[in-house]
Amino acid sequence: MADKTIPFSKEQMKEIIEKFPTPFHIYDEKAILDYARKFTEAFSWNEGFKEYYAIKAAPNPYLMKILRGVGGIWY
């Protein structure tokens with residue numbers, strides 16, 4: 001598994017916390033897209049393969065927007 005790092009310094013996190021009420025979630029859009037593309041490529045041998053995102057896993061419309069652009073198969 002890849003190392004997980006937070007793309008913010010401690011000072012930047014303090015600024016974010018002051019600006020946005022907690023609790024909140026920070027998503028790594030680049031990592032989400034990279035993983036989705038790798039996953040899609042792994043099953044590219046199967047012509048009829050489609051991946052369906054379980055909205056129950058993270059009911060966030062912004063995540064759906066991000067995933068919608070990956071090969072058009074993330075719903």
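So what is the 222 nm mean residue ellipticity for the chain from helices alone, if each DSSP H run of at least 4 adds -39500 (n - 2.57) and you divide by all residues, rounding to the nearest 500 deg cm²/dmol?
So the calculated ellipticity at 222 nm is -13000 deg cm²/dmol.
Along the Cα-to-C-beta direction of Tyr35, a point sits 7 Å from the Cα; which residues of region 50-71 have their amide N less than 17 Å from that point?
51-71
Pick the calculated Rg and Dmax of the Cα atoms in Å for this structure from (1) 12.2, 38; (2) 26.2, 73; (3) 15.5, 48?
Derived directly from the coordinates: (3).
Which residue fluctuates the most in the chain, going by a Gaussian network model with Cα springs under 10 Å, if the choices are Phe49, Phe24, Phe39?
Phe24
What ³J(HN,Hα) values, in whole Hz, does the Karplus curve 6.51 cos²θ - 1.76 cosθ + 1.60 give for region 35-50 when θ = phi - 60°, with x put for Gly and Pro?
Karplus-based 3J(HN,Hα) across region 35-50 equals 5, 4, 5, 5, 4, 4, 5, 4, 10, 5, 5, 9, 4, x, 5, 9 Hz.
Do any trypsin sites (Lys or Arg not before Pro) in the chain lie in a DSSP loop with no more than 12 other beta carbon atoms within 10 Å, and if so, which?
Passing sites in the chain are Lys4, Lys50.
Residue farthest toward the positive end of the dipole of the chain, with Cβ of Lys/Arg at +1 and Asp/Glu at -1: which of Gly69, Ala57, Ile16?
It is Ala57.
Can you tell me the dipole magnitude for the chain around its Cα centre, using point charges on the Cβ only (Lys, Arg +1; Asp, Glu -1), in Debye to the nearest 20?
180
Residue separation times 0.36 nm, minus the C-alpha to C-alpha distance between Ile16 and Phe49: what's the value?
Difference between extended and current length: 7.9 nm.
Determine the relative contact order of the chain: mean sequence separation of Cα pairs under 8 Å and six or more apart, normalised by residue count, in whole percent.
Rounded, it is 30 percent for the chain.
Among Glu18, Glu41, Glu29, which one shows the highest mean-square fluctuation when the chain is modelled as a Gaussian network with alpha-carbon springs under 10 Å?
In the Gaussian network model the winner is Glu18.
Every read-out reported here was derived from the displayed coordinates using simple, explicitly stated rules and does not represent laboratory data. Treat the numbers as computed from the prediction; the structure is a model and nothing was measured. No Cβ is skipped: glycine too gets one built from the backbone with ideal geometry, and neighbour counts run over all protein chains shown.
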